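Bear in mind these aren't lab numbers, they're just calculated from the coordinates by the rules spelled out. Just so you know, these numbers come straight off a predicted model, no measurement behind them. Note that we place each Cβ from the backbone using ideal geometry, even for glycine, and neighbour counts take in every protein chain shown.
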């Protein structure tokens, strides 16, 4: 009996202990602080109650779960974005009859809701680097980039979320150093500033403009056209890179000019380099020695009653290879600086001297044509501003790429000029290229040796011209006549030539040379018949693939047959 009572007492004691045992609950951590940009954090729950719950009220806080079954759980807390106001929350975790656990949730206060920044705080456009890009990175839905400077264009000036490339363009000519501040802003984002500066450009070289002087300048462009018969280029000489003799020709002498005149020409074109003779690229100042040398050659021509066209030739391509928006302001500034110096130095020559603004400006579309128009306008304005005889001088502007068809399609306007009827237009003619200049076969086509309906080979047939023959000459020249000459605007065909292919022999060489003479006579005649004064391109080279008419070393005629053909074509 005693044993039974003892056992009953032990059982009652154990039951009482079980009835008094409570549930446990632990949560770690009990303080969670989110950074400025928000993010995710985890808490760990452990309990022996078999289930748990979470209670919260903040709409800015999301939980991966607010309750579940089990003794262990990992809960992910997430806060999206930044806050400008204090954010706190008391997260309550409960499980069975365990004491609730409070988790303190907070987020750091941000000064801004959205990130907004540029990849630079300043732009230095230099003298003429008139276009630069800025990268804008934004978390804001809408931002703006503002400027109160009327000389800047900003494209685009607004945007949204993501990365945007903004182009800043100086949209007017630089006359003095200038700067401005761009303001980048968006709602809920930091405001930042970008400084844009541009240093002063070239000096003003028109330092002693003269009153207009019409003496010796009475001819209009059309009257001057009527006085010219046929022209000749001093090719590969004053435009040669390195020096006047760098490309194998001797220095120009008055005896050479007299030889040219004696053989039927009364006009000279002087292709001329200037950039390599600039003493200081920062100022674009041309060497006085070079200005004097060019003046000396012009004097040879004028003294021999030769009408003389002087240009800025290829010149390293600074202008003619860069007819683009990003170079427009820089090139206009340089065009102005050079022509102010050239025009001032040569201002006293009478109407025998004609200025041509460029050489072969490479243009493919209307956008580039508009830029070329600005280069032409700068040329005209710079020359006229120097005054004296330049106020009345005939000036020549070039068609796009000096190509006939591009000129027909794209050149719809001429520069504004303060004096009427003093402008000509220039194109060049090397059509078909395979016949005129091509020196070796290419994947797209072969050289032509024979040109003209009556000059095709019956044995060397794959070298006959297949395009660009007489009918094309007639058609292309007529386009220019209708577009310009018939409207009172005379033209020059500033360059044309056919190289002679002396690697041929026998009958093939004879046929080629006869064909070449026919081409030169025909193109010369059709140019004149359609309102253009033709200027033959003589590079001075002799032998195969040469175009020389004269031997400049001996001042004698080198290619009598070609010379006779050109002169014949120039006669009525």
Which peptide among 520-530, 47-57 comes first, and what is the full order, when sorted by highest mean count of other Cβ atoms within 10 Å?
520-530, 47-57
Quote the relative contact order of the chain in percent (integer), defining contacts as alpha-carbon pairs under 8 Å separated by 6+ residues.
10 percent
Calculate for the chain the 222 nm mean residue ellipticity that helices alone would give, adding -39,500 (n - 2.57) per DSSP H run of length 4 or more and normalising by residue count, nearest 500 deg cm²/dmol.
-8500 deg cm²/dmol
Please give the Cα centre distance for the range 27-70 versus the range 520-542, rounded to the nearest Å.
91 Å
Calculate how steeply helix 366-385 sits against the longest principal axis of the alpha-carbon atoms of the chain, using the helix alpha-carbon long axis, and give the answer as 0 to 90 degrees to the nearest 10.
60 degrees
What is the Cα centroid distance between the range 339-392 and the range 95-159, reported in whole angstrom?
47 Å
Just one of (i) 41; (ii) 18; (iii) 31 is percent of Cα pairs over 48 Å apart as worked out from the coordinates here. Which one is it?
(i)
Regarding the range 21-107, what is the average projected area of its C-alpha convex hull, in nm²?
5.0 nm²
Report the extension gain between residue 459 and residue 413 in nm, rounded to one decimal, defined as 0.36 nm multiplied by the number of residues separating them, less their alpha carbon distance.
11.7 nm
Would you kindly state how much longer the chain becomes between residue 148 and residue 295 on full extension, computed as 0.36 nm times their sequence separation minus their alpha carbon distance, in nm to one decimal?
48.2 nm
Taking the Cβ-Cβ separation of residue 514 and residue 254 as r and a Förster radius of 22 Å, what is the calculated FRET efficiency to the nearest 0.05?
0.05
Full extension from residue 226 to residue 135: what is 0.36 nm times the residue separation minus their Cα-Cα distance, to one decimal in nm?
27.0 nm
To make sure I understand, if each residue's beta carbon is the centre and we count other beta carbons within 10 Å, what order do 152, 549 fall in, fewest to most?
152, 549
Measure nothing but the geometry: give the 0 to 90° angle between the long axis through the Cα atoms of 560-570 and the longest principal axis through the Cα atoms of the chain, rounded to 10°.
90 degrees
Degrees, to the nearest 10: 288-303 long Cα axis against longest axis of the chain:
40 degrees
